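The values are calculated or read from the model by the stated rules, or taken from the named source; none is laboratory data. These numbers come from a predicted model, not from an experiment. Cβ placement follows ideal geometry from the backbone for every residue including glycine, while neighbour counts extend to all protein chains displayed.
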Amino acid sequence: MLKPLQHKRFSDEIAEQFIELIKNGTLKPGDALPPEREMAGTLGVSIPPLREGLKILETLGFVEIQPRSKIVVKSLAGSAICDPIAKTIDGDLNMVIQLLEVRKILESWAAAKASQIATDQAIESLEKAFHQMKQDFQTDRLGVNADSAFHLGIFQAARNTILSHIGSTLFDLLWQSQKLIRETMYKEAENKRHLLEQHSAILEAIKARDPEAASRAILAHLDFAEKKIIELTASP
């Protein structure tokens, strides 16, 4: 993934390599970078210039250096978009419905594209998220993390770097709203079965390489979620 450095100031070239990996989709939002010693060995540099290059990336907003030196790729759509929108969504089901409307536009295209070009590895990731969701349903957990991983996996499977980053920001918002959505929808036990069947239909359409079926399956799922939220919140 990384290449030995040839010229320029090491820290600048380190930053440029990582930026290129983010641009071409090799590194995706949420990916953790390897340990520092491993990266330094691959690049052929010592730890100080590596840390300087990582600091450049952090300053530019490409990565987040977390406690205990874990370094994670950030969404390029970032907090400037996410934070104010999150405040409007918090606890407001009407805003959740507006978020669903945006998802219909983006995810129907992403699912269709993913069905055409998703790698075997991307499909395996979707299957893993689906099986976790199934386990969560069987054990009466809300399954928010698995659901978010499944839908974000569709964005990433479409292999569009900008959409992947927008999707990551969107699902930061979604994670906050999903608990509210699930708690509302699970007032009717039958909804669990419907949701699982819908996710299965999305996954099977992508695996079958059927763009129209994948797009229809996503829209059917999001239409169902919107309808049920409206019905349940309107109930006395």
Tabulated pairs, the stretch 96-125, first within 15 Å of Asn160 (Cα to Cα) and of a type in the set (Ser, Thr, Tyr), second assigned to a helix (DSSP H, G or I) and modelled with pLDDT of 95 or more, C-beta under 6 angstrom, 6+ apart or interchain: Ser108/Ser215; Ser108/Ile218; Ser108/Leu219; Ser115/Ile206; Ser115/Pro211; Ser115/Ala214
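Considering only residues that are in a helix (DSSP H, G or I) and either in the same structural domain as Gln156 (by TED's automatic domain parsing) or free of Cβ contacts under 8 Å to residues at least 24 places away in the same chain (or both), look in the stretch 56-74 and name the one that is farthest from His165 (Cα to Cα).
We begin by selecting, within the stretch 56-74, every residue in a helix (DSSP H, G or I); these are 56-60, 67-69.
Of the ones still in play, those that are also either in the same structural domain as Gln156 (by TED's automatic domain parsing) or free of Cβ contacts under 8 Å to residues at least 24 places away in the same chain (or both) are 58-59, 67-68.
Details: Glu58: 16, Thr59: 18, Pro67: 23, Arg68: 25 Å.
Filtering the stretch 56-74 for residues that are in a helix (DSSP H, G or I) and either in the same structural domain as Gln156 (by TED's automatic domain parsing) or free of Cβ contacts under 8 Å to residues at least 24 places away in the same chain (or both), the one farthest from His165 (Cα to Cα) comes out as Arg68.
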Give the stretch 206-236 a look and list any residue that's more than 17 Å from Leu106 (Cβ to Cβ) and either outside any helix (DSSP H, G or I) or of a type in the set (A, V, I, L, M) (or both), or say none. Ala208, Arg209, Asp210, Ala213, Ile229, Ile230, Leu232, Ala234, Ser235, Pro236
Within the stretch 18-42, the count of residues that are closer than 30 Å to Ile166 by Cα and crowded, with 18+ Cβ neighbours inside 10 Å comes to 8
Sort out which residues of the stretch 155-187 are at pLDDT below 80 and outside any helix (DSSP H, G or I), and write them in order of number. Tyr186, Lys187
Can you give me the number of residues within the stretch 112-142 that are in contact with a Leu (Cβ under 9 Å, 6 or more places away or on another chain) and closer than 17 Å to Ile202 by Cα? 10
Search the stretch 1-53 for residues being among the hydrophobic types (A, V, I, L, M, F, W, C) and not in a helix (DSSP H, G or I), and hand back the single one that is modelled with the highest pLDDT. Leu33
